[in-house]
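Take a look at the structure set out below.
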Amino acid sequence: MSEDKPELEQLKSEARKAEEDIAKLEALLQEAREKRRKAVNLLEKAEKPAAAQDPAAAAPKAEPADKPAETAGAAKPAETGDSESVKMLNLARETGRSTIFDRAIKMKPCNIGAEGICCKICAQGPCRLPLTKAIKDGSEPDKRLGLCGATPETIAARNLIRMISAGSSAHADHGLALVETLQDAAKGEAGDHPWKAEDKLKEIASKLGLSDSLSKDAPQLAADVAEKCLSEFGKQTGEL
Ligand code: SF4
């Protein structure tokens, strides 16, 4: 076994060297792409007068909505700031797939939707209440109402609350999985999880109103916290 060690060290060193080489190549690739993007921009500018003389050449070319960023001149992967995301974005680009960054650059938001004043809560709508210049500068009173009588403020507030509610619900399962893991850990059935932050556990217990449990040891306290949290899921009465 001890004879294997130098060989393992050698392999580790080679792996590290390979990682460094990959990082350097990725940086070079990124630099090359940036140069190409700039060159393409300059070329397009240089060709513009010719296109203006030729209406056929000047006609806008239809671009598929999911065209990847590289050819559409959109977001650069390096802008994400996360090396693993950069790898995924590079791969997506190389294989011709569009990403959220590409689509965000190309998507023109609807002015009414961007202000949250489009309501689709009921089938009488959609009701759109655009803010006109006259209302904005105060030369006209704001009499905007949806069919049901909802004001722009009501519509915007409802939209926001519904978005928050839908987003939170979408992650409720993740919260449940955490609570179940805490419960398993309390029983010693969640693998080798050490109790690293008992102070945080006590803080949460305190917020949950479990003051009687604070003197218990970590596993018992965790069991109480997990039980209390589980009772919050699907709660039919009282405050959430
Ligand atoms: S503003 Fe009122 S009537 Fe219009 S879609 Fe919303 S809820 Fe329905």
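Key figures
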read-out: Spin-label pair R128/S83, simplified geometry with 7 Å Cα→Cβ offset, distance in nm; value: 4.7 nm
read-out: For T99, residues with placed amide H under 5 Å, excluding near neighbours; value: A69
read-out: Unit Cα scatterers, Debye sum, region 128-205: log10 I(q)/I(0) for q = 0.19, 0.24, 0.25 Å⁻¹; value: -0.93, -1.10, -1.13
read-out: Net length gained if the chain between K207 and T181 were fully extended (0.36 nm per residue, minus Cα distance); value: 7.4 nm
read-out: FRET efficiency, 1/(1 + (r/R0)^6) with R0 41 Å, evaluated for L42 and L160 via beta carbons; value: 0.40
read-out: Estimated distance in nm for a label pair at K136 and A18, the labels positioned 7 Å out from Cα along Cα-to-Cβ; value: 5.8 nm
read-out: Cα coordinate range in region 85-240, projected on the principal axes (Å, largest first); value: 66, 51, 30
read-out: Coordinate range along principal axes, alpha carbons of region 172-230, Å, largest first; value: 26, 25, 16
read-out: Cα radius of gyration and Dmax for region 111-170 (Å); value: 12.7, 44
read-out: Charge dipole (region 93-191, unit charges on Cβ, about Cα centre) - positive-most of F101, S139, L178; value: S139
read-out: When each of K120/K143; K17/K87; K87/K200; K106/K143; K196/K235; K38/K87 is checked by Cα-Cα distance, pairs over 27 Å; value: K87/K200; K106/K143; K196/K235
read-out: Using a Förster distance of 22 Å, the FRET efficiency for S168-M107 (Cβ separation, nearest 0.05); value: 0.30
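Bear in mind that the values in this text are calculations on the coordinates, not laboratory data. For clarity, every value in this text was computed on a predicted model and none was experimentally measured. Glycine also receives a Cβ, built like all others from the backbone with ideal geometry; neighbour counts cover every protein chain displayed.
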